[in-house]
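Here the structure is laid out as structure tokens; the discussion comes afterwards.
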Amino acid sequence: VQLQAYGGGLVQAGGSLRLSCAAAVRTIISNNAMGWFRQAPGKEREFVASIGWKGYSRSYGGSVKDRFTISRDNRENMVYLQMNSLQPEDTAVYYCAVGYRPYSGSDPQGYKYWGHGTQVTVSS
């Protein structure tokens, strides 16, 4: 399964970015939860957000809640992460992932396919 995350870049604190994740195989993601994780240098992979297979159930990591929004478009095979009010501590490589089940939580073990990450850098 090919997953490609893109949309990262360099942004000033307080700015916004929208990450996208494209899946090459529709049947793999349309019935599964999708998630975003991030990993900063020297730190463990951190849960950012997840969304259920129909797009109604969403959960967020505590540090991004109320600033980030996850969404999906199953017709287009896409998952998105809208990031607002970015802060330097949001700097990391961001990864999208496909869950084993229609709903997946914050545990990376609940995700079976991972895409290549996209770098987000927030300057102060």
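Tabulated data for the structure shown
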quantity	calculated
Helix-only mean residue ellipticity at 222 nm for the chain, each DSSP H run of n ≥ 4 adding -39500 (n - 2.57), per residue, nearest 500	-500 deg cm²/dmol
Ranked order, Tyr100, Tyr6, Tyr111, Tyr60 - accessible area, probe 1.4 Å, largest first	Tyr100, Tyr6, Tyr60, Tyr111
Point-charge dipole on Cβ atoms (K/R +1, D/E -1) for the chain, about Cα centre, debye to 20	340 debye
Solvent exposure, largest accessible area first (probe 1.4 Å, DNA, RNA and ligands not counted), of Arg38, Arg45, Arg72, Arg101	Arg101, Arg45, Arg72, Arg38
Over the chain, relative contact order from alpha-carbon pairs under 8 Å, at least 6 apart, %	36 percent
Tensor-based shape of region 55-103 (alpha-carbon gyration tensor, a/c under 1.5 rounded, otherwise prolate or oblate)	prolate
Kirkwood-Stokes translational diffusion coefficient of the chain, alpha-carbon pairs, 20 °C, 1.002 mPa s, µm²/s	153 µm²/s
By accessible area with a 1.4 Å probe, ligands and nucleic acids excluded, highest first: order of Val122, Val25	Val25, Val122
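The values are calculated or read from the model by the stated rules, or taken from the named source; none is laboratory data. Just so it is clear, the model here is predicted, and its values are computed rather than measured. Cβ: placed from backbone, ideal geometry, glycine included. Neighbour counts: every protein chain shown. Keep in mind that these areas ignore ligands, DNA and RNA; they rest on the heavy atoms of the full protein, side chains included. Shrake-Rupley method; radii C 1.70, N 1.55, O 1.52, S 1.80 Å.
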